[in-house]
Amino acid sequence: MPRFRLTIEYAGTRYSGWQVQKNARTVAGTIADAVRTVTGVRDLELYGAGRTDAGVHALGQVAHLDVRTPLPAESLRRRINEELPADICILAASPVPHRFHARHDALSRVYLYQVSRRKTAFGKPFVWWVRDPVRVDVMARAAARFEGFKDFASFTQADPEEKSTDVAVSQAMVVERGSLVLIRIEGSHFLWKMVRRMVGVLVAVGQGSLEEGDIDELIREPSGLPATLTAPASGLFLERVRYRGDKSLPAGIVEPGLLHVD
């Protein structure tokens, strides 16, 4: 059975996350239905690199697709896109060896979070509007405290599929782009709600309700505090999944946000 690597963008607002669920509209389920319509094949596998939660978006989700079809990859991509709703798009499709696995072969995942410091009439589904002022320089210094191989038990909920709460965070940075505050975090993998809780803690530091050093304490000792600060799903994007041989992201650079709210 042929295997294809898919790169996918989607707005997650209308979906109950990536993963197929009974009695719920999901991104993977919607794509699988489109593939079945195009190929006429019921038995297929679609496996994503990361399980984005309800309301979370993707600029570059990666999945592998196993389906019997004579269609070449590009024709398959175009045909699937014709069947998909406007808020999901297959950006690229290519044949890959059967040993390629979208999740297990990923070296890292990169998430981007958009905080807006002003109300936006058009961007509400894609930002977290924070009304109180935040100090971006303080947030940027605090973000560096997340980097390294650390135990993020305070930043997740119990997940039976996760055997460990240790995560290697290779980059955590915060920059300004007009009225947007962009937070980019790259790690080996991410725990359930981990990024949103990291963002919530960073915003609290930027507002002065937490100190930079409190992050070290939250990592050192399990705490329920990050759960109370969980940022909304609306501002979160799975920006990229990186594999061996892929080009690296430029060091120290965060691209402009999706919304121009200067």
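Key figures
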read-out: Qualifying residues in region 1-33 (those that are without any contact (Cβ under 8 Å) to a residue 40 or more places away in the chain and among the basic types (Lys, Arg)) - the one nearest to Leu238 (Cα to Cα); value: Arg25
read-out: Pairs where the first residue, in region 202-221, is on the phi > 0 side of the Ramachandran plot and the second is in a helix (DSSP H, G or I), C-beta under 9 Å, 6+ apart; value: Gly208/Val138
read-out: Number of the exception - Arg109 against (1) in a loop (DSSP other than H, G, I, E, B); (2) among the basic types (Lys, Arg); (3) under 23 Å from Leu191 (Cα atoms); value: (1)
read-out: Residue selected from region 34-63 under the condition without any contact (Cβ under 8 Å) to a residue 60 or more places away in the chain and part of a strand (DSSP E or B), by the criterion farthest from Val195 (Cα to Cα); value: Glu45
read-out: Selection from region 181-240 of residues that are in a loop (DSSP other than H, G, I, E, B), more than 14 Å from the chain's Cα centre (by Cα) and within 30 Å of Tyr10 (Cα to Cα); value: Leu229, Thr230
read-out: Hey, Ile31 closer than 19 Å to Val96 by Cβ and part of a helix (DSSP H, G or I) or not; value: yes
read-out: Failed condition for Ala121, given (1) modelled with pLDDT of 95 or more; (2) closer than 28 Å to Glu176 by Cβ; value: (1)
read-out: Which numbered condition Phe149 fails, given (1) farther than 16 Å from Arg220 by Cα; (2) at pLDDT 95 or above; (3) surrounded by fewer than 17 Cβ atoms within 10 Å (Cβ to Cβ); value: (1)
read-out: Every pair of residues 6+ apart whose Cβ atoms lie under 6 Å, when the first sits in region 113-137 and is within 11 Å of Ser234 (Cβ to Cβ) while the second is crowded, with 16+ Cβ neighbours inside 10 Å and among the aromatic types (Phe, Trp, Tyr); value: Val115/Trp128; Ser116/Trp129
read-out: Residue that is nearest to the chain's Cα centre (by Cα), among those in region 68-94 that are among the hydrophobic types (A, V, I, L, M, F, W, C) and within 11 Å of Val38 (Cα to Cα); value: Leu84
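Per-residue answers, yes or no, for (1) farther than 26 Å from Ala54 by Cα; (2) surrounded by fewer than 22 Cβ atoms within 10 Å (Cβ to Cβ); (3) modelled with pLDDT of 95 or more:
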site: Pro125; (1), (2), (3): no, yes, no
site: Trp128; (1), (2), (3): no, yes, yes
site: Arg135; (1), (2), (3): yes, yes, yes
site: Phe155; (1), (2), (3): no, no, yes
site: Ser170; (1), (2), (3): no, yes, yes
site: Trp192; (1), (2), (3): no, yes, no
site: Met198; (1), (2), (3): no, no, yes
site: Pro222; (1), (2), (3): no, yes, no
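The values are calculated or read from the model by the stated rules, or taken from the named source; none is laboratory data. Because the structure is predicted, anything quoted here is derived from the model rather than measured. FYI the Cβ positions are ideal-geometry reconstructions off the backbone, even for glycines, and counts take in every protein chain you see.
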